[in-house]
Structure formats: C-alpha cells, structure tokens
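The structure follows.
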Amino acid sequence: MFANISWKIIHQVLIETITEMMDEQQTIDVPTLRSRLMEMAESESDEAMVLCYWQASKVLMRLPPTVTASQLIEEARVAYRTPLNHDRL
C-alpha cells in the first residue's frame, strides 16, 4: 500500500501546506515548513497520509534553511516527478 503513494499527493501536500502558511502570514522557511508537516502527521489518523507528510518533510531536507517561496514550490514540483533517493545534478 505505502509503495503506491503518489508523488502527486506529496506535491499537493507541500503546495497546500505552503499556501496555508502564506495565508496565515507565517514565516515560511524549511525548518518551519518541516515542523508544520510533522505536526500534521502527528494529528493525522490515516496511515497513508502520515507517510505522505513524512515524505514531503523528507523532500525538504534537500534545501537550505532559507529559500524563496518559488524555490519551495519548485522543489514540490520536482518531488512529483522524482523519487526521494534520486540525487539531483
């Protein structure tokens, strides 16, 4: 079941979380975003979604602590197309 989690869902989770944080006028940086994703995972009861939040958080580990919103969105797009263990050139 978990192997079939769509990268599209992970992309959607990242985009939605970034959008929510922007709407709430929160500081958006990689550590804050990862923390928010982990909070969401802890409060989620659906195991597949918990894994999606965890994988979305793991995608962000590739980025430096401070990035622009467009860089975060681009990383979300890359996550949709690329497995987590793929090293970007």
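Only one of (1) over 18 Å from ILE9 (Cβ atoms); (2) surrounded by fewer than 17 Cβ atoms within 10 Å (Cβ to Cβ) fails for GLU44. Which number is that?
All conditions pass for GLU44, except number (1).
Here's another thing I want to ask about it. Let me confirm something: among VAL67, VAL59, VAL13, which residue is open to solvent by less than 40 Å² (accessible area, probe 1.4 Å) and in contact with a Cys (Cβ under 9 Å, 6 or more places away or on another chain)?
Working: VAL67 fails: in contact with a Cys (Cβ under 9 Å, 6 or more places away or on another chain); VAL59 fails: in contact with a Cys (Cβ under 9 Å, 6 or more places away or on another chain).
Residue meeting the stated conditions: VAL13.
Return yes or no: is THR27 surrounded by 11 or more Cβ atoms within 10 Å (Cβ to Cβ) and of a type in the set (Ser, Thr, Tyr)? First the steps, then the outcome.
Numbers: surrounded by 11 or more Cβ atoms within 10 Å (Cβ to Cβ): no; of a type in the set (Ser, Thr, Tyr): yes.
Considered against the rule, which asks whether it is surrounded by 11 or more Cβ atoms within 10 Å (Cβ to Cβ) and of a type in the set (Ser, Thr, Tyr), THR27 comes out as no.
List every residue pair whose Cβ atoms sit under 7 Å apart, with the two residues 6 or more apart in sequence or on different chains, where the first one lies in region 54-65 and is more than 11 Å from PRO31 (Cα to Cα) and the second, anywhere, is modelled with pLDDT of 85 or more and among the small types (Gly, Ala, Ser).
TRP54/ALA41
The values are calculated or read from the model by the stated rules, or taken from the named source; none is laboratory data. Computed from a prediction, not measured in an experiment: that's the story for all the values here. Cβ sites come from the backbone with ideal geometry, for glycine too, and all protein chains shown count toward neighbours. With ligands, DNA and RNA removed, areas are computed over all heavy atoms of the protein, side chains included. Shrake-Rupley method; radii C 1.70, N 1.55, O 1.52, S 1.80 Å.
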